[in-house]
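**Student:** Here it is, the structure in full.
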Amino acid sequence: MIHPSIRPFKIFERSSCCRSLVILLTAFLTFASCSNTKELTDVPYAESDDCVDGIKMYTKRSYSPDEEFSDVKDAGNLEDKYSSSSLRVGHAIGVMPYLIELDELEEISSDDLTQEYRLRKMELRETIHHRIQLTSLEITSMVAALHCEQNRAFQVSTFLQQRIRERERKINVLSITIPAVATVVDGVFLAISPGLIAIDVLTIGAGLTSAILAFSNLRVERTTQFKHERNVLKEVWLGADDPDYIPSSIWYYLTRKEFSAHDERNVREQLVQRWVELQEIEEENEDEDEDEVDGKTGLLFGDGGVYSHEYLEIWSTMHEHLAVEVNLMQKDLLELVTELN
């Protein structure tokens with residue numbers, strides 16, 4: 001027989017219990033339908049866009065040839081003294097006329113060399129070395145800017161992932177605590193009154209809550225506004241005729257087929273193809289408006305937007321790919337310096 005002091009628990013029985021169950025179900029379904037995505041503000045480095053700021057200052061001062069390599073590669077006897085890669089990079093940095101003139105002066109015997117010729121040879125060598133050093137500095141600066149942007153994205157991505165882990169830990173604690181508390185309360189109710197329907201309601205509610213918390217844990221996401229108005233990737237993706245953030249000599253290297261191991265595609269085209277295949281990006285459309293922002297392509301090659309940590313990792317990886325390709329130009333410059341000396 002139920003003790004009179006617990007008669008108020010009868011409120012949980014029958015119709016009242018059913019009504020409570022409906023309320024619980026409605027609340028839980030509403031919770032489940034809500035997205036667990038939150039956009040964070042004041043994320044460190046997310047709105048700082050200074051990595052490539054200084055590159056524009058010297059891109060227009062960079063040297064690049066006006067002629068095609070095929071028109072000058074056979075000039076003089078250069079192919080007997082320089083490798084094809086040295087001649088290609090020499091053409092890219094605009095020193096082919098100096099190499100040709102230097103070669104002609106070196107054909108003159110030492111007995112016939114006047115003081116004027118000797119000074120001219122020294123002047124030519126100094127000019128060629130100056131161009132090589134300038135291009136090497138351009139490459140180093142370009143790679144440093146790309147790594148700076150890569151590191152910026154990595155830091156923001158790490159920050160978002162930390163917030164995701166914090167949220168997941170809280171949900172895990174709740175999903176463990178709620179069933180445990182419900183079990184204790186069930187035990188108390190059973191000890192007081194085994195026939196109460198409230199016990200069933202509480203058990204169902206606790207189980208449903210635990211399930212929804214586990215489900216929501218799969219949907220935890222944190223995003224942030226990530227700006228990149230000075231977008232080097234956009235210039236590579238679109239194949240700009242006159243890029244603002246890539247020096248002319250480096251752009252020549254990236255866009256000419258003679259620098260590619262594959263004759264059918266230049267370095268830029270191979271890079272774009274790699275992005276399409278690895279990052280699941282839709283390949284550019286020639287008729288597409290440059291200012292149109294659409295999906296992943298518009299986000300990565302636009303001025304910025306709402307990024308998740310997955311997209312930030314893609315952004316970081318693409319900068320690493322470009323930095324590797326640009327840095328490979330140093331190998332050809334080193335070969336030219338070695339053969340010149």
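**Student:** Taking helices (runs of 4 or more DSSP H) that do not extend beyond the range 139-257, which have at least 1 residues that are modelled with pLDDT under 85, crowded, with 16+ Cβ neighbours inside 10 Å and hydroxyl-bearing (S, T, Y)?
**Tutor:** Here the list reads 198-217.
**Student:** Here's another thing I want to ask about it. Can you confirm whether the range 107-122 contains a residue that is of a type outside the set (V, I, T), in contact (Cβ under 8 Å) with a residue 24 or more places away in the chain and in a helix (DSSP H, G or I)?
**Tutor:** Checked against the condition, which is being of a type outside the set (V, I, T), in contact (Cβ under 8 Å) with a residue 24 or more places away in the chain and in a helix (DSSP H, G or I), the range 107-122 yields no hits at all.
**Student:** Limited to the range 60-83, what total is found for residues that are exposed (fewer than 14 other Cβ atoms within 10 Å of the Cβ) and modelled with pLDDT of 70 or more?
**Tutor:** We begin by selecting, within the range 60-83, every residue exposed (fewer than 14 other Cβ atoms within 10 Å of the Cβ); these are 60-61, 66-68, 70-71, 74, 77, 79-80.
Next, only the ones that are modelled with pLDDT of 70 or more stay: 77, 79-80.
Total satisfying the criteria: 3.
**Student:** Same structure again: Out of curiosity, is R131 basic (K, R), within 21 Å of G305 (Cβ to Cβ) and at pLDDT 90 or above?
**Tutor:** No; evaluated as a whole, the condition is false for this residue.
**Student:** Tell me which residues, restricted to the range 325-341, are surrounded by fewer than 19 Cβ atoms within 10 Å (Cβ to Cβ) and either under 14 Å from E149 (Cβ atoms) or of a type in the set (K, R) (or both).
**Tutor:** Matches in the range 325-341: K331 only.
**Student:** What single numbered condition from (1) under 19 Å from the mean Cα position of the chain (by Cα); (2) over 28 Å from I132 (Cβ atoms) fails to hold for E264?
**Tutor:** Single failed check for E264: (1).
**Student:** I would also like to ask the following. Quick one: Y98 ticks every box in (1) modelled with pLDDT of 70 or more; (2) part of a loop (DSSP other than H, G, I, E, B) except a single one, so which number is it?
**Tutor:** Against the list (1) modelled with pLDDT of 70 or more; (2) part of a loop (DSSP other than H, G, I, E, B), Y98 comes up short only on (2).
**Student:** Can we say M318 is farther than 17 Å from K227 by Cβ, touching a Phe, Trp or Tyr at 6+ places or on another chain (Cβ under 8 Å) and in contact (Cβ under 8 Å) with a residue 60 or more places away in the chain?
**Tutor:** Details: farther than 17 Å from K227 by Cβ: no; touching a Phe, Trp or Tyr at 6+ places or on another chain (Cβ under 8 Å): yes; in contact (Cβ under 8 Å) with a residue 60 or more places away in the chain: yes.
Taking the combined requirement at face value, the residue does not satisfy it.
The values are calculated or read from the model by the stated rules, or taken from the named source; none is laboratory data. None of these values were measured; they are calculated from a predicted model. For neighbour counting, all protein chains shown are included, and Cβ atoms are generated from backbone atoms with ideal geometry for every residue, glycine included.
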